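The values are calculated or read from the model by the stated rules, or taken from the named source; none is laboratory data. Here the structure is a predicted model, which means the values were calculated and not measured. Cβ coordinates were reconstructed from backbone atoms using ideal geometry, including for glycine residues, and neighbour counts include every protein chain displayed. The accessibility values were calculated without ligands, DNA or RNA, using every heavy atom of the protein model including side chains. Shrake-Rupley method; radii C 1.70, N 1.55, O 1.52, S 1.80 Å.
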Amino acid sequence: MQDIVVIGSGPVGLACAIEAQRQGLTARVIEKGALVNSIVGYPLNMEFFSTPELIEIGGYPFPTTGYKPTREDAIEYYRLVAAREALDIRLYETVMDVRGERGDFAVVTTRAEHPARNVVVATGFFDQANRLEVPGENLPKVTHYYREPFPYIRQKVAVIGAKNSAAKAALDCYRHGAEVTLVVRAAALSDSIKYWVRPDLENRIKEGSITALFNTSVAEIRADSLLLQTPDGAREIANDWVLAMTGYHPDFHFLERLGVACGTDVHRTPVFDETTFQSARPGIYIAGTVCGGYRTNRWFIENGRFHARQIASHIASGQAAPIQLEGVHWKTEE
């Protein structure tokens, strides 16, 4: 029996396990993929927007050779922190259900049942892409994840989106020999593009190195072309690959299966106590970006890591009573 089972081994999940152990609790982390699985899925050599001290966990300094850490720096840092803290981590084990009640849960996975008094859900959002919902989206030429530019050398690449991921993918592919078309549903690039990236993209568009189609949406993805809806009507362009950089969202189905109620507002914000992070199902807590629903920019490593102390303190205090949320009652799916 563990005092806490943490679902998800991202930085916030690891921080929750570390804080639990420091407050005298036992903790186990269960992860369906690799350690810090989302970061492993980031583009190779990607540079974080945050400086190292803002994404540290457990009080361990994050040494880097550059001003900002790379994907590889982060993976190694979190690996070393997990090893130093001797965290009990079960990788490549998917959680299917959480049965029972506070004090006597059974976290059911593809490999075992883990008894736990409390459960922390720190699953992030990176595994659930916002789909285009158009014909042809399931073709092999389409991906919602960008890793590296080399498969796209001398290829016609359409990048869908107007924010940071789309901007960086478009620039990277262009600089490695791809013919890039940026398809933007809005009238202009997003204001959220980082200030040092935006001028670069704007200049490449202005000089014609990258073609940008604004007020344009994808109507259909075909084997060797794209059918677009533009302000001037339908238009078909030749295409080899589609990088749909349209963002991601939490796994709402999984949350609701665990009894974590999600709001009916446009953001589908999960229901939880903002002081303790306990959900409407007693003994189940949520932490990190998953707390924001579709507002995936509300919580991230920089501020989500602090959820760990609030959760562990609430459990360690022995005062983890059910929260009273008017009109909300937990019920797992049948």
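Observations
- Evaluation of residue 109 against (1) open to solvent by less than 40 Å² (accessible area, probe 1.4 Å); (2) hydroxyl-bearing (Ser, Thr, Tyr); (3) over 23 Å from the mean Cα position of the chain (by Cα) (one fails), failing number: (3)
Conditions (1) more than 18 Å from residue 155 (Cα to Cα); (2) surrounded by 15 or more Cβ atoms within 10 Å (Cβ to Cβ); (3) touching a Cys at 6+ places or on another chain (Cβ under 6 Å), marked per residue:
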position	(1), (2), (3)
194	yes, no, no
210	no, yes, no
215	yes, no, no
221	no, yes, no
229	yes, yes, no
232	yes, no, no
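- The residues of region 58-83 that are part of a loop (DSSP other than H, G, I, E, B) and either closer than 23 Å to residue 192 by Cα or touching a Leu at 6+ places or on another chain (Cβ under 6 Å) (or both), listed by number, are 67, 68, 69.
- Neighbours by Cβ (under 9 Å, 6+ apart or cross-chain): first from region 67-91, without any contact (Cβ under 8 Å) to a residue 60 or more places away in the chain and acidic (Asp, Glu); second surrounded by 18 or more Cβ atoms within 10 Å (Cβ to Cβ) and assigned to a helix (DSSP H, G or I): 73/52
- If you go through region 1-16 and keep only what is within 15 Å of residue 301 (Cβ to Cβ) and not hydroxyl-bearing (Ser, Thr, Tyr), you end up with 8, 10, 11, 12, 13, 14, 15, 16.
- Yes/no for residue 225 being among the polar types (S, T, N, Q), over 20 Å from residue 165 (Cβ atoms) and out of contact with any helix residue (DSSP H, G or I) (no Cβ under 6 Å at 6 or more places or on another chain): yes
- Output for region 1-37, where each listed residue is in a helix (DSSP H, G or I), open to solvent by 20 Å² or more (accessible area, probe 1.4 Å) and either closer than 16 Å to residue 277 by Cβ or touching a strand residue (DSSP E or B) at 6+ places or on another chain (Cβ under 9 Å) (or both): 19, 21
- Among the candidates 5, 40, residue that is touching a residue at least 40 places away in the same chain (Cβ under 8 Å) and not small (Gly, Ala, Ser): 5
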